[in-house]
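All remarks here apply to the structure that follows.
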Amino acid sequence: MFHTEDGGYRALLMRCTHKGVELRVTGDRLECSAHGSAFASTGAVLEGPASSPLRVLPAVERDGKVFISLKA
Ligand code: FES
């Protein structure tokens, strides 16, 4: 989960869109250690072989807690 420029939150599904490997956070990037794809904190592809962005999950803060929607 990342803070957004407007003070909100952005949650991303941490699975590469290429072959589903769990991503690791490196600075402000998300990377696949198996094949090298990299994604920005927006979910956009920075480096392949992945060609599709990460799934962004709606996240809202309410009463000091952050709620993430897992619905499609
Ligand atoms: S699973 Fe996508 S680059 Fe590794």
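Only the coordinates and a few stated rules stand behind these numbers; no lab work does. Remember, it's a predicted structure, so these values are computed and weren't measured experimentally. No Cβ is skipped: glycine too gets one built from the backbone with ideal geometry, and neighbour counts run over all protein chains shown.
Table for the structure above
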{"item": "Most mobile listed residue (GLU31, GLU47, GLU61) in the chain, GNM with C-alpha springs under 10 Å", "result": "GLU61"}
{"item": "Signed unit charges on C-beta, dipole axis of the chain, positive-most listed residue GLY8, GLY27, GLY48", "result": "GLY48"}
{"item": "Dimensionless Rg ratio for the stretch 2-68, taking C-alpha atoms and the 2.2 N^0.38 Å reference", "result": "1.15"}
{"item": "Magnitude of the charge dipole, the chain, Cβ model with Lys/Arg +1 and Asp/Glu -1, debye to 20", "result": "320"}
